[in-house]
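See below for the structure under consideration.
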Amino acid sequence: MPGPAALSAAAAVALVAALLLAWREEAGPGTGPSKPKLPKLREDFKMQNKSVFILGASGESGKVLLKEILEQNLFARVTLIGRRKLTFEEEAYRNVNQEVVDFEKLEDYASAFQGHDVGFCCLGTTRSKAGAEGFVRVDRDYVLKSAELAKSGGCKHFNLLSSKGADKSSNFLYLQVKGEVEARVGELQFDRYSIFRPGVLLCNRQESRPGEWLIRKFFGFLPDSWASGHSVPVLTLARAMLNNMVRPSDKQMEILDNKAIHDLGKAYGVLKP
């Protein structure tokens, strides 16, 4: 019969094995020393010398996304597509290309969408700012036409900034339009199509949106665990979009909700599949 020392050693081995198994289950399949970590994934992506375009770089989300792209130096060429030329003073923006287009006549500007491997669409307005008709024109028509031209121009990975609760069957115009454009862009069959559905975006907008300001203040008083389920800082969103982009995926379409955005945006080491 084994003595106490043998039993203790066996128990210790069993405990270690159980902890390792629990860790692997929590981390997800494929996680471990052999799985590429985020810095390696970024470096591998950078070596491919890809080109990217951003729609909506004048807005808060697009602005932060552009800054992150330049800081991480992920692309050989960065192009902004918008209705006006943006002014940048920092040296980091010196080599950013800008294509000024008329969204009412996008077919005349097809060349702006040519030759990009990756596209990010952060276009959007509000009903209070543009009216119901203007909102639909920007958030659905402009986005869809841009996606069509991007697909024709060779874009392989299209990233769409949508909204939590997007549903083409919704009774709310905002969520209905977001859901409709998600579905219609999906019909274009990009090689990879990533939809981001954040909650309330936490940022300090330059333009006045009193309703959003009030909501941000409200979330500021809530416990982090609850607020994070319904809101996300714009910087976290931008980092999640890029972290998702550099990780390999066999999914043609993927929808990332607010929790997934938080998890990806705060990742620094191994990314879960």
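Obtain the nm distance between the two label points defined at GLN252 and LYS266 by a simple spin-label model: each point lies 7 Å from its Cα along the Cα-to-C-beta direction.
In this crude label model, GLN252 to LYS266 measures out at 3.4 nm.
Between GLU91 and ASP141, what is the label-point separation in nm under the 7 Å Cα-to-beta-carbon projection?
Between ASP141 and GLU91, the simple spin-label model gives 4.5 nm.
Can you give the extra length, in nm with one decimal, that the chain gains between ASP102 and ARG84 once fully stretched, where that is 0.36 nm per residue apart less the Cα-Cα distance? It would help to have the intermediate numbers written out before the result.
Working: separation 18, 0.36 × 18 = 6.48 nm, distance 0.90 nm.
Gain in length upon complete extension: 5.6 nm.
Per residue, what accessible area does the range 82-171 have, given a 1.4 Å probe and all protein chains present, in Å²?
Details: 4920 Å² over 90 residues.
Heavy-atom SASA per residue in the range 82-171 reads 55 Å².
From the protein chains alone at 1.4 Å, what is the descending order of accessible area for SER169, SER128, largest first? Working shown, then result.
Details: SER169 90, SER128 115 Å².
These residues rank, largest area first, as SER128, SER169.
Under 5 Å between amide hydrogens, which residues at least 5 positions from VAL200 or on another chain qualify, with H placed 1.01 Å from N in the peptide plane?
SER231, VAL232
Report, in listed order, any pair from LYS164/LYS259; LYS168/LYS259; LYS145/LYS178; LYS67/LYS266 with a Cα-Cα distance greater than 20 Å.
Details: LYS164/LYS259 11 Å; LYS168/LYS259 22 Å; LYS145/LYS178 15 Å; LYS67/LYS266 17 Å.
Too far apart for the 20 Å limit: LYS168/LYS259.
Aspartates and glutamates within cross-link reach of LYS46: Cα-Cα under 13 Å, excluding same-chain residues under 8 positions apart?
Within reach: GLU71, ASP117.
For the pair SER152/TYR109, report the inter-label distance in nm, with labels modelled 7 Å from Cα in the Cβ direction.
1.5
The values are calculated or read from the model by the stated rules, or taken from the named source; none is laboratory data. Fair warning: this is a prediction, and the values are worked out from it, not measured in the lab. Note that each Cβ is placed from the backbone with ideal geometry, even for glycine, and that neighbours are counted across all protein chains shown. With ligands, DNA and RNA removed, areas are computed over all heavy atoms of the protein, side chains included. Shrake-Rupley method; radii C 1.70, N 1.55, O 1.52, S 1.80 Å.
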